[in-house]
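The values are calculated or read from the model by the stated rules, or taken from the named source; none is laboratory data. It should be emphasised that the depicted structure is a prediction, and the values quoted were computed from it without experimental measurement. Cβ atoms come from the backbone with ideal geometry, glycine included; neighbour counts cover every protein chain shown.
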Amino acid sequence: MQAAVNMWPLLGVAVIVLGFLLRLHPVLVVVAACFTTGFAAYMPVEALLASLGTAFVKTRNLPMIYLLPLAAIGLLERFGLREHAQAAVARVRSATAGRLLIVYLAVRELSAALGLTSLGGHPNMVRPVVAPMAEGAAEARLAAGGAALGDEQRQRIRAMAAATDNVGLFFGEDIFVAFGAIVLMQTVLRAEGIEVDPLHMALWGIPTAISAFIIHAWRLRRLDRYLARGEA
Amino acid sequence: MIVRVEYFYWLLGILLALVALMSFGDRSNPRRWSTGLFWALYALVYLVGERLPPSMAGLAMIAMALLAGFGGVRSGRPDVLPEDARRASAARLGHRLFVPALVIPAVTMAGATLLKDVRIGELYVLDQKYLTLVSLGCAAMIAVGVACWLTRSTPLQAGREARRLVDAMSWAIVLPHMLAVLGLLFSETGVSKAVAQVTTSYIGLDSKLVAVAVYCVGMALFTIVMGNGFAAFPVMAGGVGVPVLVAKFGGNPSVMAAIGMFSAYCGTLMTPMAANFNIIPAALLDLQDRNAVIKAQVGTALPLLGANIILLYFLL
């Protein structure tokens, strides 16, 4: 019933998994996987290089999202943007790293659900504003009790700040009707002979979007408890 | 089109060429020649990418990978103001420092929504195919202008600061780009077909719970491998979703699609293959552990995947 599928290109997947597990240099792992996949699909070297080159030029738009804002953000950092974000939040007595990130999660998820996906992001919001604010809040809390923020805790806060941006974006944008994923789902189902209303798919995403908020917000509360324990 | 995406490719190419030149001249960088060469090759891809013969562009990519993979890309000593100078300037400029930072999302949003379909005469104002990207490009340039005016700096200083950040993120910048290339190669050589066959032919799908679980977990696993939910969705929806969940168990296709895509996103949270979401932030935030963001996300992704299975089982 199914046509014979060439299974050998799966070796490329194996190379990726193995390479990441062995913690080899990611860029080398990717190139090794490219060659493995290409050879397993019987591509000659010349054709493989041309295929890689075409794809490399075609996907040039991808890194621009995080490269274009760097000049402005870098300049603002030189003149104290991160220090100011920390100091500003330290003045808010009730602020904690977890609470601040819960607010950011809500804003990010809701705005993404309205299609405003560019209102956030790692280079222009998390690095210069959100992460320093979360660190500042945690520092102020601990300083009130005479303790200091440890390096491990600082790293944990930053990682959670980045994670919060991702969770908010992913599980918000998919309930926005005009988002690419909805269009993709509609196209795929149409090819299978099923017509669906984009609005219905967006609505049925809401239970998961709410679950995502609850689960992640709960983890952010736990982050606060972990931070409150202070330096071990 | 008046503002085309190519202009921003050229702008980024010029910036990367600047980074390359500054790297060549940076004696504090122990590998300044190979570092400069790496950024010069990348600049070339942006400046003349579409005019390079494809195999030459492929060779450039391999050369960059080898330079990065064998430790040829390092950073120099960054030139930053001392901390008390930064604090003093933060106190002087206050909340005004947020203004240029907020200009970026605000202008991007305005461009992507208000200037969509807007024409002057026959020409669209913004490149319609890359609307968000072009809006972001304009926003970034306006933000540089406002930031220069606010801090009394020059665009060249902004270029130096961009180089400081590029240097700090180092080769991680090209990882998402190279993974995208691998993703295209995977689809060109039929990897997704092979994976679909393996998942669907060896698992019995007679109970509804098993079928729902296989569908959701398969979405996540496939996304972990490919780094992109958009690659997983057609395969799992076509392999399990439509023939089993909808046809056999009579499920609602909208629910199957919506929760399936969200299960794929749980996979995105757990994979280094989605480098622009998971590896780039680790580099941007100076995290020692490259996988720290993934580790922070697993605790959300796994319970959420479980919630998806339960939701799909009851809502289907």
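Here are the numbers for this structure:
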{"item": "Selection count where residues are modelled with pLDDT of 85 or more and part of a loop (DSSP other than H, G, I, E, B), scope the range B:82-117", "result": "1"}
{"item": "Sole exception among (1) closer than 11 Å to residue A:72 by Cα; (2) of a type in the set (Asp, Glu); (3) over 26 Å from the mean Cα position of the chain (by Cα) for residue B:122, by number", "result": "(1)"}
{"item": "Failed item in (1) closer than 30 Å to residue B:132 by Cα; (2) small (Gly, Ala, Ser); (3) surrounded by 24 or more Cβ atoms within 10 Å (Cβ to Cβ), with residue A:138 passing the rest", "result": "(1)"}
{"item": "Tally of residues being surrounded by fewer than 18 Cβ atoms within 10 Å (Cβ to Cβ) and facing another protein chain (nearest Cβ under 8 Å) across the range B:92-112", "result": "3"}
{"item": "So residue B:180, is it modelled with pLDDT of 90 or more and in contact with a Ser or Thr (Cβ under 6 Å, 6 or more places away or on another chain)", "result": "no"}
{"item": "The range B:247-272: number of residues that are more than 7 Å from every other protein chain (Cβ to nearest Cβ) and on the phi < 0 side of the Ramachandran plot", "result": "13"}
{"item": "Pair list, Cβ under 6 Å, 6 or more apart: the range A:18-41 residue more than 16 Å from residue B:225 (Cβ to Cβ), other residue assigned to a helix (DSSP H, G or I) and hydrophobic (A, V, I, L, M, F, W, C)", "result": "A:27/B:65; A:27/B:68; A:27/B:171; A:31/B:65; A:38/A:48"}
{"item": "Selection status of residue A:56, within 8 Å of chain B (Cβ to nearest Cβ), aromatic (Phe, Trp, Tyr), free of Cβ contacts under 8 Å to residues at least 12 places away in the same chain and under 23 Å from residue B:100 (Cα atoms)", "result": "no"}
{"item": "Of all residues making up the range B:166-207, the number that are of a type in the set (Phe, Trp, Tyr) and either under 18 Å from residue B:67 (Cα atoms) or buried (at least 19 other Cβ atoms within 10 Å of the Cβ) (or both)", "result": "2"}
{"item": "Verdict on residue A:90 being surrounded by fewer than 21 Cβ atoms within 10 Å (Cβ to Cβ), more than 7 Å from every other protein chain (Cβ to nearest Cβ) and in contact (Cβ under 8 Å) with a residue 40 or more places away in the chain", "result": "yes"}
{"item": "Residue satisfying condition, being modelled with pLDDT of 90 or more, crowded, with 22+ Cβ neighbours inside 10 Å and under 19 Å from residue A:226 (Cα atoms), within set A:76, A:100", "result": "A:100"}
{"item": "Residue check, residue A:82 modelled with pLDDT under 90, basic (Lys, Arg) and in contact with a Pro (Cβ under 8 Å, 6 or more places away or on another chain)", "result": "yes"}
{"item": "Residues of the range A:103-116 satisfying the condition of being buried (at least 21 other Cβ atoms within 10 Å of the Cβ) and either within 29 Å of residue B:153 (Cβ to Cβ) or more than 12 Å from every other protein chain (Cβ to nearest Cβ) (or both)", "result": "A:104, A:109, A:113"}
{"item": "Hits in the range B:264-312 (condition: at pLDDT below 95, in a helix (DSSP H, G or I) and in contact with a Leu (Cβ under 6 Å, 6 or more places away or on another chain))", "result": "B:275"}
{"item": "Selection count, the range A:37-53, where residues are within 7 Å of chain B (Cβ to nearest Cβ) and either buried (at least 22 other Cβ atoms within 10 Å of the Cβ) or under 25 Å from residue A:17 (Cβ atoms) (or both)", "result": "7"}
{"item": "Candidates A:162, A:147, filtered to the one that is of a type in the set (A, V, I, L, M, F, W, C), in a helix (DSSP H, G or I) and assigned by TED's automatic domain parsing to the domain that holds residue A:207", "result": "A:162"}
{"item": "Residues within the range B:62-80 that are in a loop (DSSP other than H, G, I, E, B) and of a type outside the set (Asp, Glu), tallied", "result": "10"}
{"item": "One residue from A:164, A:187 being more than 7 Å from every other protein chain (Cβ to nearest Cβ) and at pLDDT 85 or above", "result": "A:164"}
{"item": "Inter-residue pairs, beta-carbon under 6 Å, first more than 7 Å from every other protein chain (Cβ to nearest Cβ) and in the range B:155-166, second at pLDDT below 90, 6+ apart", "result": "none"}
{"item": "Flag for residue B:102 being farther than 19 Å from residue A:73 by Cα and either assigned by TED's automatic domain parsing to the domain that holds residue B:121 or aliphatic (A, V, I, L, M) (or both)", "result": "no"}
{"item": "Subset tally (residues that are buried (at least 18 other Cβ atoms within 10 Å of the Cβ) and in contact with a Lys or Arg (Cβ under 8 Å, 6 or more places away or on another chain)) for the range B:16-30", "result": "6"}
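For every residue, the table says whether it meets (1) without any contact (Cβ under 8 Å) to a residue 60 or more places away in the chain; (2) more than 10 Å from every other protein chain (Cβ to nearest Cβ); (3) under 21 Å from the mean Cα position of the chain (by Cα); (4) farther than 29 Å from residue B:141 by Cα.
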| site | (1), (2), (3), (4) |
| --- | --- |
| B:5 | no, no, yes, no |
| B:10 | yes, yes, yes, no |
| B:28 | yes, yes, no, yes |
| B:46 | yes, no, yes, no |
| B:79 | no, no, no, no |
| B:82 | yes, yes, no, no |
